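Below is one structure, written out as C-alpha cells; comments come after it.
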Amino acid sequence: KRFSKFDSARLIDADKAHYMHGYHVFDDHREQGSLTIVDGEGAHIQDAEGQRYLDAVGGMWCTNIGLGREEMVEAIADQTRRLAYSNSFCDMANDRAIELSEKLAELAPGDLNRVFLTTGGSTAVDTAIRLVHFYQNCRGKPEKKQVITRINAYHGSTYLTMSLGGKQADRPPEFDFLSDGIHHLSCPYPYREAQGRSEAEFLEALVAEFEARIAEVGAERIGAFLAEPIMGSGGVIIPPEGYHRRMWEVCRRHDILYISDEVVTSFGRLGHFFASEDEFGVIPDIITTAKGLTSGYQPLGACIFSERLWEVIAEPGTGRCFSHGFTYSGHPVACAAALKNIEIIEREALLPRAREVGRYFEERLATLAELPIVGEVRAKCFMACVEFVADKATRELFPEELNIGEWVHLRAERRGLLVRPIVHLNVMSPAVTLTHQEVDFIVDVLRDSILETV
Ligand code: PLP
C-alpha cells in the first residue's frame, strides 16, 4: 500500500542529479543512487520501493525513542502553530528554550546548570571550545587555550570540530585542518592498542602519556581535555575500566577543563540521561549533547556548563557578553520536541528499560564472537560494534579495499537489517526502545550475514 505513494525511479534520478550527500563516494552515487527512506515507525524504516528494515543504526545514533510517535508530532505541530520561531540573541528568549534549559540543568550532573542551545553536535562542541577560550581570557589566562583530544575521536564536521577529531579517514589531504594548539593522545582501544599488556597496565600507560603531554606542552597552556565517554564513529571504543575517572583526576590536578562530548552517549543510549557521572564517575566542567536530545525529531544541540565557569565569565560589573550564537539557537519548535522527548523518556521509564534490554543486547551480540571472521564484539547498552578480522589469532585486518564491513552490511540489508559499515566494522546504535524480539532479529540476521560472507 505504502509502495504506491512514492515514485522511486523519479526520486533516484533527482537524487543523482541534484543531491550531494556527505561521505558518499561520487562514483557510487552516480551509478547506484542511494537508499531512499520515506517512512519510519519505532525502530523500523521503509524505503521508496516498500522494503522495510530494522534500523540498527538509529538514523545516525539519534532516533532514541523511535520514529513516528504521535505525541511528538502533536508537540511539534502545537508549537509551530503557537510560535514557529523567535530569536535568542541579546535580551530575547522564548518560553520553550527557557523551560528546556531549566530541565537540562536538572538532569545534568553536579553544578552543570548553565545551558547554551545550538543547532546540533558540531555547533555544541564548537561552542564548548569558544567557551573555554572565553573563560580562560576572563580569568586572566589567555595562554591557556590548547586542547587535548584523542586519535579516533569524532567531534563533528565543522572545520574546528573535524580538526579536534582524530579519525584518519576523516582527514583527507585536500583539507588543511587546524593543528595549532590541538594535541591528540592515543586511543584507549584495548583490543588493538594494549599490545599484550593487561587492561590495568594499559590504563597506566594512557594516563602516563597524558601526564607526559601536559609536561611537554605546559599545563599553563592547556585549556581543556575533550573526550567522548565511549568513542562512537571511531568504532565504539570502550576504554579500560577507570579511564575517564583517571583522566579527569589528571585534569583536576592541572587546572584543565574536562569536556565530555555526550552527543551520542546521552538520553538513554547508555541507559542514563548523561553517562559521564552515572556510568564513568566523572562530573565534567562542560557536557555537549545533541542527537537523542530530540531523538532526531528536530535538529538541536546543547552545551551545558558549570556554575563555576559561569561565575567567572559572568562576573558582575564586567559588562561582558559571550559574542556567539546561531539563528536557530533555542529554536522553539526544536526545544518543544526536546521537552516532549524527555517527558516520554521519564514517563515510560525508558532508562531502566534500556539498561535491561541493553544488557540482553550485549549478551546476545557476544555470541557472534565465536564466528570465524569476528575479532571482537564491543557493546555497552545500545552502542555496539562488530570488528572483522582476516585472522583471529593475529588480529590482522582484511585489506581495506575488500571493504569487509560493507559486504556484511549489504547481506544484512537484503535480510531487512541496517547496520553501519565503517571499513572493517559494523556499528549499531538502535532505538533504545528495542524489544527482546528485535534484539534477537538483529543478532540472528547479523550471524547469517557474517556466515554468508566468511
Ligand atoms: N560529537 C560526537 C561524539 C558525534 O558522534 C557527533 C556526530 O556524530 C558530533 C559531535 C557532531 O554532531 P552533528 O553531526 O549533530 O553536528
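The values are calculated or read from the model by the stated rules, or taken from the named source; none is laboratory data. Computed from a prediction, not measured in an experiment: that's the story for all the values here. Note that we place each Cβ from the backbone using ideal geometry, even for glycine, and neighbour counts take in every protein chain shown. Just the protein is used for accessible areas: all its heavy atoms, side chains included, with ligands, DNA and RNA removed. Shrake-Rupley method; radii C 1.70, N 1.55, O 1.52, S 1.80 Å.
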Helices (runs of 4 or more DSSP H) completely within the stretch 342-454 that count 1 or more residues being among the charged types (D, E, K, R) and more than 24 Å from the chain's Cα centre (by Cα): 404-414, 436-453
The stretch 251-293, residues that are closer than 25 Å to Ala56 by Cα, free of Cβ contacts under 8 Å to residues at least 60 places away in the same chain and touching a Cys at 6+ places or on another chain (Cβ under 7 Å): none
Residue match in the stretch 184-202 (condition: within 21 Å of the chain's Cα centre (by Cα) and more than 25 Å from Ala379 (Cβ to Cβ)): yes
Enumeration of residues in the stretch 255-264 that are assigned to a loop (DSSP other than H, G, I, E, B), more than 13 Å from the ligand (Cβ to nearest atom) and in contact with a strand residue (DSSP E or B) (Cβ under 8 Å, 6 or more places away or on another chain): Ile256
Which numbered condition Gly296 fails, given (1) surrounded by fewer than 24 Cβ atoms within 10 Å (Cβ to Cβ); (2) within 13 Å of the ligand (Cβ to nearest atom): (1)
Qualifying residue in the stretch 430-452 (condition: open to solvent by 40 Å² or more (accessible area, probe 1.4 Å), at pLDDT below 95 and not polar (S, T, N, Q)): no
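Does Pro229 fit the bill of being within 16 Å of the ligand (Cβ to nearest atom), open to solvent by less than 10 Å² (accessible area, probe 1.4 Å), of a type outside the set (Asp, Glu) and assigned to a loop (DSSP other than H, G, I, E, B)?
Taking the combined requirement at face value, the residue satisfies it.
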Residues that are open to solvent by 50 Å² or more (accessible area, probe 1.4 Å) and at positive phi, drawn from the stretch 365-396: Arg395
Search result, residues across the stretch 155-172 that are open to solvent by less than 50 Å² (accessible area, probe 1.4 Å) and either near the ligand (Cβ under 8 Å from one of its atoms) or farther than 21 Å from Arg192 by Cβ (or both): His155, Gly156, Thr158, Leu160, Thr161, Met162, Ser163, Leu164, Pro172
In the stretch 133-154, residue farthest from the ligand (Cβ to nearest atom) [restricted to those that are over 20 Å from Ile214 (Cβ atoms) and in contact (Cβ under 8 Å) with a residue 60 or more places away in the chain]: Cys138
The stretch 25-42: number of residues that are loosely packed, with under 14 Cβ neighbours inside 10 Å, out of contact with any strand residue (DSSP E or B) (no Cβ under 8 Å at 6 or more places or on another chain) and either among the basic types (Lys, Arg) or modelled with pLDDT of 90 or more (or both): 6
Selection from the stretch 169-185 of residues that are closer than 24 Å to Glu211 by Cα and not small (Gly, Ala, Ser): Leu178, Asp180, Ile182, His183, His184, Leu185
Odd one out for Glu204, checked against (1) open to solvent by 60 Å² or more (accessible area, probe 1.4 Å); (2) touching a residue at least 12 places away in the same chain (Cβ under 8 Å); (3) farther than 23 Å from Val236 by Cβ: (2)
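What are the residues in the stretch 253-275 that are closer than 17 Å to Tyr154 by Cβ and hydroxyl-bearing (Ser, Thr, Tyr), if any?
Within the stretch 253-275, Ser260, Thr265, Ser266 qualify.
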Pairs, first within 22 Å of Arg82 (Cβ to Cβ) and open to solvent by less than 30 Å² (accessible area, probe 1.4 Å) in the stretch 94-113, second of a type in the set (A, V, I, L, M, F, W, C) and in a helix (DSSP H, G or I), C-beta under 7 Å, six or more apart: Ala97/Cys335; Leu100/Cys335; Leu100/Ala338; Leu100/Leu339
Qualifying position, being under 14 Å from the mean Cα position of the chain (by Cα) and more than 10 Å from the ligand (Cβ to nearest atom), among Phe280, Phe267, Phe305: Phe267
Hits in the stretch 1-24 (condition: loosely packed, with under 11 Cβ neighbours inside 10 Å and of a type in the set (Phe, Trp, Tyr)): Tyr23
